[in-house]
Amino acid sequence: MSVASAVAHPNIAVVKYWGKRDVAANLPAVPSVSLALGPWHTRTQVRWGADADAVRFGAHPAPPAFAAKALAHLDRLFPGRPRCAVETTNDFPTGAGLASSASGFAALTVAAAAAAGLDPSPDTLSRWARLGSGSASRSIPGGWAAWWDEAARPIAPPEWWPVAMVVAVVAEGEKAVGSTAGMQRSAATSPYWPAWLSEGPALAREAEDAVRARDLERLGAAMEASTFQMHATMHTARPPLIYWQPATVAVLHAAAALRQRGVGAWVTMDAGPQVKVLCLADDAPTVAAALAPIALRTVTLLPAGGARRVP
Ligand code: PMV
């Protein structure tokens, strides 16, 4: 077998990864908890033994920085590897705080291993995916996952709890400062960094317990605490990292107003302007309708499974 394809879903952290305790090994400074979401996905094919290294993104050759990252990941996993052709597509925007690196490195890792004739355990695949992008470790198990150390582990499968994540897209386009540079700037310059590190483990435990208990209010409160603590380290970095747009703030207020009306809607944000609103799946149409006048568009995502080989 020298060709294989894989699919992986993005995941959104309810308790955030932000900061590295070991940069070379890409180990996290704080534990994170996430939910994999579909139907959005990345689909990647790897073919070992090509005439030259080639990375295609959609119908075109990938941008050089994108291709370099993918090939560097393969160099690290397979030192002295043969040349390869990689073809990847996303059915959602890349690099705008919508977790494309998570699904991208998860799909690349699974496809590359399968094309090499290997069948590593999910734990090993998660360790490998982590080397490309920390959040990719969590897209390997899919569903609800926790990442504390070398590999992410599953907490509950996607069907455990009928929730939805309503993504309010408030700005299109690639982010100005990527996650790795952003977290390193926060760690190096924010006076609130020590507080971020000390609060993280308790927030992750709280979120894991809330998922197991299917307690949306408890999970929502932990998720918002993690989100705003992370953004506090961004806002207080030097120079500050402000990913928010005016419509970001408007969505935060709209979610709070929904809660006052008795609709359980809780917000999270990553290194970008979009707001993701966690709610029960039955409430997703109400939440999406409330956000539609503010956002450019809304997309309702549902819990999804892990990264897997496809024909
Ligand atoms: O996996 P990376 O290096 O793209 O970092 C992801 C960082 C956040 O999205 C901000 C938080 C998270 O846990 O996904």
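The values are calculated or read from the model by the stated rules, or taken from the named source; none is laboratory data. Remember, predicted model here, so these are calculated numbers, not experimental data. Virtual Cβ from ideal backbone geometry, glycine too; neighbours counted across all protein chains shown. Accessible surface areas use protein heavy atoms only, side chains included; no ligands, DNA or RNA. Shrake-Rupley method; radii C 1.70, N 1.55, O 1.52, S 1.80 Å.
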Yes/no for G200 being assigned to a helix (DSSP H, G or I) and under 19 Å from the mean Cα position of the chain (by Cα): yes
Unique match (being assigned to a helix (DSSP H, G or I) and under 24 Å from I155 (Cα atoms)) among A188, A232, A195, A207: A207
With respect to A181, determine if the residue is more than 15 Å from the ligand (Cβ to nearest atom) and small (G, A, S). no
Could you check R21 against (1) under 20 Å from the mean Cα position of the chain (by Cα); (2) in a loop (DSSP other than H, G, I, E, B); (3) without any contact (Cβ under 8 Å) to a residue 60 or more places away in the chain and say which number it fails? (2)
For region 207-250, enumerate the residues that are more than 19 Å from V30 (Cα to Cα) and open to solvent by less than 30 Å² (accessible area, probe 1.4 Å). L216, L241, Y243, A247, T248
Are there strands (runs of 3 or more DSSP E) fully within region 83-160 with at least 2 residues that are out of contact with any Phe, Trp or Tyr (no Cβ under 7 Å at 6 or more places or on another chain) and within 16 Å of the ligand (Cβ to nearest atom)? List them. 144-147, 152-156
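Here is a yes/no grid of residues against (1) closer than 30 Å to P122 by Cα; (2) over 21 Å from the mean Cα position of the chain (by Cα); (3) touching a residue at least 12 places away in the same chain (Cβ under 8 Å):
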{"position": "M223", "(1), (2), (3)": "yes, no, yes"}
{"position": "F228", "(1), (2), (3)": "no, no, no"}
{"position": "M234", "(1), (2), (3)": "no, no, yes"}
{"position": "A256", "(1), (2), (3)": "no, yes, no"}
{"position": "W266", "(1), (2), (3)": "no, no, yes"}
{"position": "P273", "(1), (2), (3)": "no, no, yes"}
{"position": "A281", "(1), (2), (3)": "yes, no, yes"}
{"position": "P293", "(1), (2), (3)": "no, yes, no"}
{"position": "R308", "(1), (2), (3)": "yes, no, yes"}
Complete set of residues in region 33-52 that are within 11 Å of the ligand (Cβ to nearest atom) and of a type in the set (S, T, N, Q): S34
Selection count, region 249-307, where residues are among the aliphatic types (A, V, I, L, M) and assigned to a loop (DSSP other than H, G, I, E, B): 10
Being among the hydroxyl-bearing types (S, T, Y) and in a loop (DSSP other than H, G, I, E, B), is that true of even one residue in region 173-183? no
Can you find a residue in region 299-308 that is open to solvent by 30 Å² or more (accessible area, probe 1.4 Å) and farther than 30 Å from A111 by Cα? no
Look through V30, V23, V15, V55 and report the one residue that is within 16 Å of the ligand (Cβ to nearest atom), hydrophobic (A, V, I, L, M, F, W, C) and open to solvent by 10 Å² or more (accessible area, probe 1.4 Å). V23
